[in-house]
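Participant: Dumping the structure here so I can ask a few things about it.
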Amino acid sequence: MATGINRKISAASARSHTRRANKSSSFQIPSGILKTTLAVLFIGFLAWAYQATQPPPPSICGSPDGPPITAPRIKLRDGRHLAYKGHGVPKDEAKYKIISVHGFSGCRHDTVVADTLSPDVAKDLGIYIVSFDRPGYGESDPDPNRTLKSIALDVEELADQLGLGSKFYVVGVSMGGQVVWNCLKHIPHRLAGAALLAPVINFWWHDLPANLTTEAYSQNKLHDQWAMRVAHYAPWLTYWWNTQKWFPICSAISRSLDMLSKQDKELLIKLMDDKDDYVAQVRQQGEYESVHRDLNIGFGRWEYTPLEIQNPFPNNEGSVHLWQGDEDMLVPVTLQRYIVQNLPWIHYHELPGSGHLFPHADGVSETILKSLLGVK
């Protein structure tokens with residue numbers, strides 16, 4: 001009779017056998033499928049990222065789905081339209097004809113030198129002021145090809161089509177002050193005089209001292225520093241940067257009060273009361289073609305700087321004035337001082353205790369215009 005063989009298996013051998021069994025039974029994704037899955041996910045992320053950086057098409061005024069046209073407009077050389085608004089005495093009766101350029105997130109209704117000027121003063125001096133919507137704002141068509149020179153040519157064409165004469169005055173507020181620099185650079189022969197009211201400074205103008213720009217730049221809120229960096233170094237990201245919800249966007253776009261001085265906050269109450277009637281029109285064609293493009297142009301790469309501009313009035317046949325508040329938290333007074341020190345032909349007016357909105361203070365517009373026109 002055969003007897004069974006009893007084999008003893010050690011505990012260590014049993015554990016080793018169990019591990020081998022478990023290892024051989026675990027599920028493994030084939031390397032080819034894993035690589036394909038990762039590639040698909042990466043391509044999907046790229047597609048999402050690309051889509052997130054693409055602004056929606058503008059809502060053009062007068063188009064089937066766009067806002068209505070309510071303002072008079074001229075047709076420019078490239079087929080675009082520019083909306084405008086007249087102020088003061090009738091154009092044909094005026095002795096002085098002035099083109100007013102609005103600032104960031106503004107429109108033709110934001111004409112502080114006209115809005116705060118006494119009608120009696122305008123009549124006595126014979127002042128006609130025309131304001132206009134810069135491209136992409138209000139009811140002016142966007143300009144996807146906008147450059148520093150093109151906006152100056154828009155101003156010149158507006159003057160020609162409205163019959164303002166061979167020479168006219170320009171007044172620019174804040175970001176509109178940059179447009180005045182462009183006019184001084186590209187159409188100086190058409191100007192009778194110019195006034196820049198707290199003109200925005202590009203921290204990357206190459207001939208500004210590094211120590212001054214670094215100090216002034218650091219005084220901005222961190223998220224505003226990044227908004228300007230994006231506009232300068234990666235303008236294709238400006239739309240995404242200022243529409244994402246992860247961190248604060250540009251203060252000027254979000255209309256934050258953190259960037260305003262004490263005087264600015266006091267003046268803002270009056271300003272917003274006046275602006276309630278038309279604030280919805282300012283960005284009605286889309287934020288990208290208005291405020292975002294303003295950032296990209298204003299803080300982008302300039303082919304010249306104001307310090308390279310020559311005196312447009314070597315024979316004193318006109319004058320250029322720059323006004324600046326010494327408590328402006330948006331435009332650093334230190335850099336403004338440096339610019340005018342190196343452009344001695346500019347008449348510089350620094351206002352103690354004033355912020356960025358100083359033109360809205362009582363009586364200031366009259367002082368600005370009388371200085372520009374050389375009258376008392």
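Participant: Carbon and sulfur: what percent of the chain's accessible surface (1.4 Å probe)?
Facilitator: 56
Participant: Which FRET efficiency value, to the nearest 0.05, is calculated for residue 91 and residue 256 with the Förster distance at 25 angstrom and r the Cβ-Cβ distance? Don't skip to the answer; put the middle values down first.
Facilitator: Working: r = 39 Å, r/R0 = 1.54.
Working from the Cβ atoms, E equals 0.05.
Participant: Can you work out ³J(HN,Hα) from phi for every residue in region 367-373, in order, using Karplus 6.51 cos²θ - 1.76 cosθ + 1.60 and θ = phi - 60°, giving whole Hz and x for Gly and Pro?
Facilitator: 5, 4, 5, 5, 5, 5, 7
Participant: Determine the per residue accessible area of the chain with all protein chains present and a 1.4 angstrom probe, expressed in square angstrom.
Facilitator: Dividing the accessible area of the chain by its residue count gives 51 Å².
Participant: For region 216-359, what does the relative contact order come out to in percent, with C-alpha contacts under 8 Å and a separation of six or more? Let's see the in-between values first.
Facilitator: Details: 144 pairs, mean separation 41.7, N = 144.
Relative CO of region 216-359 lands at 29 percent.
Participant: Scan the chain and report its longest stretch carrying no chymotrypsin sites (Phe, Trp or Tyr not before Pro) that are both in a DSSP loop and have at most 10 other Cβ atoms within 10 Å.
Facilitator: Between exposed loop sites, the widest span is 28-245.
Participant: Would you mind checking the tilt of helix 262-275 against the longest principal axis of the Cα atoms of the chain, expressed as 0 to 90 degrees and rounded to 10?
Facilitator: Computed tilt is about 80 degrees.
Participant: Need the list of lysines near residue 95 for cross-linking: C-alpha distance under 16 angstrom, and skip anything on the same chain fewer than eight residues off.
Facilitator: Cross-link targets: 123, 167, 370, 376.
Participant: Using heavy-atom solvent-accessible surface (probe 1.4 Å) with all chains present, what is the largest-first order of 149, 75?
Facilitator: I get 75, 149, largest accessible area first.
Participant: Here is a further query. Can you tell me which of 364, 130, 113 moves the most in a GNM of the chain? Springs connect C-alpha atoms under 10 Å apart.
Facilitator: Evaluated over the chain, the most mobile residue of the options is 364.
Participant: Also: Averaging the inverse of every distinct alpha carbon separation and then flipping it gives the Kirkwood radius. What is it for the chain, in angstrom units?
Facilitator: Across the chain, the inverse of the average 1/r is 23.4 Å.
Participant: Give me the orientation-averaged projected area of the Cα convex hull of region 206-272, in nm², one decimal.
Facilitator: Working: hull surface 24.1 nm².
Computed as one quarter of the Cα hull surface, the answer is 6.0 nm².
Participant: How about region 273-376: which GluC sites (Glu not before Pro) there lie in a loop by DSSP and see at most 12 other Cβ atoms within 10 Å?
Facilitator: Those that pass, being in a loop and sparsely packed, are 303, 317.
Participant: Over the chain, what is the mean sequence separation of C-alpha contacts under 8 Å (at least six apart), divided by residue count, expressed as relative contact order in percent?
Facilitator: 19
Participant: Related question: Using Cα centres only, tell me the gap between region 250-272 and region 342-363 in whole Å.
Facilitator: 18
Participant: Which ³J(HN,Hα) values in Hz, rounded to whole numbers, follow from the phi angles of region 109-119 under the Karplus curve 6.51 cos²θ - 1.76 cosθ + 1.60, where θ = phi - 60° and Gly and Pro get x?
Facilitator: 6, 8, 10, 4, 5, 9, 5, 9, 8, 4, x
Participant: Return the Rg/Rh value of region 81-152, two decimal places, where both radii are evaluated on C-alpha atoms and Rh is the Kirkwood radius.
Facilitator: 1.03
Participant: Still on this structure: Count charges around residue 289 for me, please; just the other residues with Cβ under 10 Å from its Cβ, Lys/Arg as +1, Asp/Glu as -1.
Facilitator: Here the count lands on -1.
Participant: Where both partners of a DSSP beta bridge lie in region 49-200, what percent of those bridges are antiparallel, to the nearest 5?
Facilitator: Close to 35 percent.
Participant: Please express the Cα-Cα pair-distance distribution P(r) of region 247-376 as a list of whole percents, one per 5 Å bin, running from 0 to the bin with the greatest distance.
Facilitator: Whole-percent P(r) values from 0 Å outward: 2, 8, 14, 16, 19, 19, 14, 7, 2, 0, 0.
The values are calculated or read from the model by the stated rules, or taken from the named source; none is laboratory data. Just so you know, these numbers come straight off a predicted model, no measurement behind them. Note: ideal-geometry Cβ built from the backbone for every residue, glycine included; neighbour counts use all protein chains shown. The protein model used for the area step is the full one, side chains on, heavy atoms only, and it has no ligands, DNA or RNA in it. Shrake-Rupley method; radii C 1.70, N 1.55, O 1.52, S 1.80 Å.
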